[in-house]
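Participant: Sharing a structure with you now.
Where a number appears in this text, it was derived from the coordinates with a stated rule and is not lab data. Since the structure is predicted, the reported quantities are computational estimates derived from the model, not experimental observations. Cβ atoms come from the backbone with ideal geometry, glycine included; neighbour counts cover every protein chain shown.
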Amino acid sequence: MKINEMFLSIQGEGIQSGIPTTFIRTPGCNLQCGWCDTVYARDPESGHEMSYKDILAKVKKNGVRHVCITGGEPLIHKEVHDLVERLVDKGYLVSIETNGSISIGEYIELDPAKVVISMDMKCPSSGMAEHNFLENLKILRPTDQLKFVISDDKDLDFAKRLLKANPVGCNIVFQPVFGTDPAWLTQKVLKSGLAALGVRVMVQLHKVIWGEKRGV
């Protein structure tokens, strides 16, 4: 399958923040978010072909148990499901980052103790909010996470309305667009009643450490 890049870092987003992780980035995306920080991965032809054997060997060499499959948008590649199963068979704990526009149905069937879905819901500032596949919200499991990338009050209001109309039983993360004051978002969450829904405010830890840099 085609891989844009692989690297060892810490997980910088969501409930697994800080955990040493091997990242496997697939190329190509079906969306074009306005604040996208991996534009270089949008090209479906970016990267190079790797066999499952070579991918697994590189993961093993990194020596960590957690693996994150990200993009681009991983779920546009039919090979990803097979790769996830192979990683799980080797004893790895896998997270899959997806943009929320494609059904996660076949991945929900995988063991939640070994495979976590990290799914976005796109807010207005992304320019892609009309592409959210809301049926996914009904099947997210308690171990999964739902992430909203927040830029302004319009995004915040959108997220609040969506959550109230579509109660979920998973972890909920509000993440400020990099460069947006996290204190502003934190105060908004505390004063808006969102805390009662279980919302967590979390920054992109890898950018706090290294800034906007590729391969970290």
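Participant: So which cysteines of the chain have no other cysteine's Cβ under 4.7 Å from theirs?
Facilitator: Flagged as lacking a Cys partner: C29, C68, C123, C170.
Participant: Could you give the C-alpha radius of gyration of the range 42-85 expressed as a fraction of 2.2 N^0.38 Å, taking N as the number of residues it contains?
Facilitator: Numbers: Rg = 11.2 Å, N = 44, 2.2 N^0.38 = 9.3 Å.
The value comes to 1.21.
Participant: Moving on to the next point. Got a sec to turn the phi values of the range 9-14 into Karplus ³J(HN,Hα) couplings, 6.51 cos²θ - 1.76 cosθ + 1.60 with θ = phi - 60°, whole Hz, x for Gly and Pro?
Facilitator: For the range 9-14, the Karplus-derived couplings read 7, 9, 5, x, 10, x Hz, x marking Gly and Pro.
Participant: Run the reach check for K2 against aspartates and glutamates, Cα to Cα strictly under 16 Å, same-chain hits fewer than 8 apart removed. What comes back?
Facilitator: D43, E45, E49, D54, E73, E79, D82
Participant: Tell me what the chain gives for mean residue ellipticity at 222 nm when only DSSP H runs of n ≥ 4 count, each as -39,500 (n - 2.57), the sum divided by the residue total, rounded to 500 deg cm²/dmol. Intermediate results must be reported in sequence, preceding the final value.
Facilitator: Numbers: 6 runs with 56 residues, N = 216.
Using -39500 (n - 2.57) per qualifying helix, the result is -7500 deg cm²/dmol.
Participant: Further question: Might you report the magnitude of the Cβ-based charge dipole of the range 2-210 about its Cα centre, with Lys and Arg at +1 and Asp and Glu at -1, to the nearest 20 debye? Working shown, then result.
Facilitator: On the way: 24 positive and 25 negative charges, 120 e Å.
Value, rounded to 20: 580 debye.
Participant: Under 5 Å between amide H atoms, partner at least 5 residues away or on a different chain: which partners does G71 have, H built in plane at 1.01 Å?
Facilitator: Close amide H contacts, sequence-distant or interchain: T26.
Participant: Let me ask something additional. Quote the relative contact order of the chain in percent (integer), defining contacts as alpha-carbon pairs under 8 Å separated by 6+ residues.
Facilitator: Details: 405 pairs, mean separation 41.2, N = 216.
19 percent.
Participant: Then there's this: Got a sec to turn the phi values of the range 190-198 into Karplus ³J(HN,Hα) couplings, 6.51 cos²θ - 1.76 cosθ + 1.60 with θ = phi - 60°, whole Hz, x for Gly and Pro?
Facilitator: Going residue by residue, I get 5, 9, 9, x, 5, 4, 5, 8, x Hz, with x marking Gly and Pro.
Participant: Which of K53/K78; K122/K164; K60/K213; K60/K90; K160/K207 have a Cα-Cα distance over 20 Å?
Facilitator: Working: K53/K78 17 Å; K122/K164 16 Å; K60/K213 24 Å; K60/K90 9 Å; K160/K207 26 Å.
Too far apart for the 20 Å limit: K60/K213; K160/K207.
Participant: Out of the DSSP beta bridges found with both residues in the range 2-210, what percent are antiparallel (nearest 5)? Could you put the intermediate results ahead of the total?
Facilitator: Working: 8 of 34 bridges.
Of all bridge pairs located within the range 2-210, approximately 25 percent are antiparallel.
Participant: Mind listing the long-range amide H neighbours of V116? Cut-off is under 5 Å, sequence gap 5 or more, other chains count too, H placed in the peptide plane at 1.01 Å from N.
Facilitator: V94, S95, I96
Participant: List the residues, sorted by chain then number, that are 5 or more residues from G127 or on another chain and whose placed amide H is less than 5 Å from its amide H.
Facilitator: HN-HN under 5 Å from G127: G34.
Participant: What list of ³J(HN,Hα) values in whole Hz, one per residue of the range 44-58 in order, does the Karplus curve 6.51 cos²θ - 1.76 cosθ + 1.60 (θ = phi - 60°) give from phi, with Gly and Pro shown as x?
Facilitator: x, 9, 6, x, 8, 6, 9, 7, 4, 4, 5, 5, 5, 5, 5
Participant: Normalized C-alpha radius of gyration of the chain, against 2.2 N^0.38 Å? The partial results should precede the final answer.
Facilitator: Working: Rg = 16.5 Å, N = 216, 2.2 N^0.38 = 17.0 Å.
That works out to 0.98 for the chain.
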